[in-house]
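Colleague: Below is one structure. I have some questions about it.
The values are calculated or read from the model by the stated rules, or taken from the named source; none is laboratory data. Just so it is clear, the model here is predicted, and its values are computed rather than measured. When we count neighbours, we look across all protein chains shown, and the Cβ atoms used for this are built from the backbone with ideal geometry, even at glycine. For accessibility, only protein heavy atoms count, side chains too; no ligands or nucleic acids. Shrake-Rupley method; radii C 1.70, N 1.55, O 1.52, S 1.80 Å.
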Amino acid sequence: MSVPWAVFLSLVLASYVSPGPDTVMILRSSVGGRLVAMAAAAGALCSLTVHMLVSAVGLSALIVALPGSLTVLAILGAAYLAYLGIRALMESGRTRGRGGSPLTVGSEPVSDIHARRRAFRSTFVTNLTNPKVILFFVAVLPQFVDRSSSWPVAVQLGILGAADVLVGVVYLPILVLFGVKAFRNLGPRGLANLELGVGLLLLVFAGALVVDVVLG
């Protein structure tokens, strides 16, 4: 199996570094501390692992082949991003009103365990329903398969997918550390502004998905 690893890994790293819903969710979660942010990163990595396994067994190609499947997935993904964006905007208003931590629901404090579970779930679902991530595993990974190799294509796709996940294992903790350091001293007003920015960004990402669907 001969793979231009430098090119492939550079492409994978670029996909991680480029701003997207996962990056926004992880940075937002870093306000809750390192463990909450790591839970968000773990959600993205677990979702990527699912994409890797699906790609290796060839189901992703089947999903793409089904008429309208990516359109449905894009609509679901956009709806979930819009839901998260609206929640962030509401949280921004509540934070401004109470002058406290964003890790609350109404007037009740959110436990660390609940915050970690919510962070994990948000990035897992966001990544899993992102058609661009599926297309990366379906359209990009096969370009690096060595057709002359005796290794089965499924095995090669599994190795490439595993390499993608490993890049995330290295990169995402760095993103978490950056987020925790950057946002740990935010006051109530700064937290409210962060939630406002996150909410608007998520709505922009949702709108971009809808535009992609409409324009085909």
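Colleague: Could you say which residue among 168, 190 is more than 11 Å from residue 31 (Cβ to Cβ) and part of a helix (DSSP H, G or I)?
Modeller: Result of the check over 168, 190: 168.
Colleague: Kindly evaluate residue 90 against the criterion of being over 19 Å from residue 176 (Cα atoms), in a helix (DSSP H, G or I) and modelled with pLDDT of 80 or more.
Modeller: yes
Colleague: For residue 203, work out the one condition from (1) at pLDDT 90 or above; (2) closer than 20 Å to residue 12 by Cβ it doesn't fulfil.
Modeller: Here residue 203 meets the rest and fails (2).
Colleague: For the stretch 182-200, indicate whether the set of residues that are open to solvent by 80 Å² or more (accessible area, probe 1.4 Å), at pLDDT below 85 and under 14 Å from residue 32 (Cα atoms) is non-empty.
Modeller: yes
Colleague: For the stretch 206-216, give me each residue that is at pLDDT 85 or above and under 15 Å from the mean Cα position of the chain (by Cα).
Modeller: 206
Colleague: Look at residue 110 and say whether it is over 26 Å from residue 80 (Cβ atoms), open to solvent by less than 30 Å² (accessible area, probe 1.4 Å) and either of a type in the set (A, V, I, L, M, F, W, C) or modelled with pLDDT of 85 or more (or both).
Modeller: No: the conditions fail for residue 110.
Colleague: What's the number of the condition residue 151 fails, among (1) assigned to a loop (DSSP other than H, G, I, E, B); (2) at pLDDT below 85?
Modeller: Of (1) assigned to a loop (DSSP other than H, G, I, E, B); (2) at pLDDT below 85, only one is false for residue 151: (2).
Colleague: Here is a further query. Just to be sure I understand, how many residues within the stretch 1-48 are in a loop (DSSP other than H, G, I, E, B) and either of a type in the set (Gly, Ala, Ser) or under 20 Å from residue 177 (Cβ atoms) (or both)?
Modeller: Qualifying residue count for the region: 5.
Colleague: Output the qualifying pairs, or none if there are none: Cβ atoms under 6 angstrom, residues six or more apart or on different chains, first residue in the stretch 140-163 and hydrophobic (A, V, I, L, M, F, W, C), second residue open to solvent by 60 Å² or more (accessible area, probe 1.4 Å) and part of a helix (DSSP H, G or I).
Modeller: 145/153
Colleague: Could we say that residue 133 is β-branched (Val, Ile, Thr) and modelled with pLDDT of 80 or more here?
Modeller: yes
Colleague: Could you say whether any residue in the stretch 155-166 is open to solvent by 30 Å² or more (accessible area, probe 1.4 Å), under 19 Å from the mean Cα position of the chain (by Cα) and modelled with pLDDT of 90 or more?
Modeller: There is at least one residue in the stretch 155-166 that is open to solvent by 30 Å² or more (accessible area, probe 1.4 Å), under 19 Å from the mean Cα position of the chain (by Cα) and modelled with pLDDT of 90 or more.
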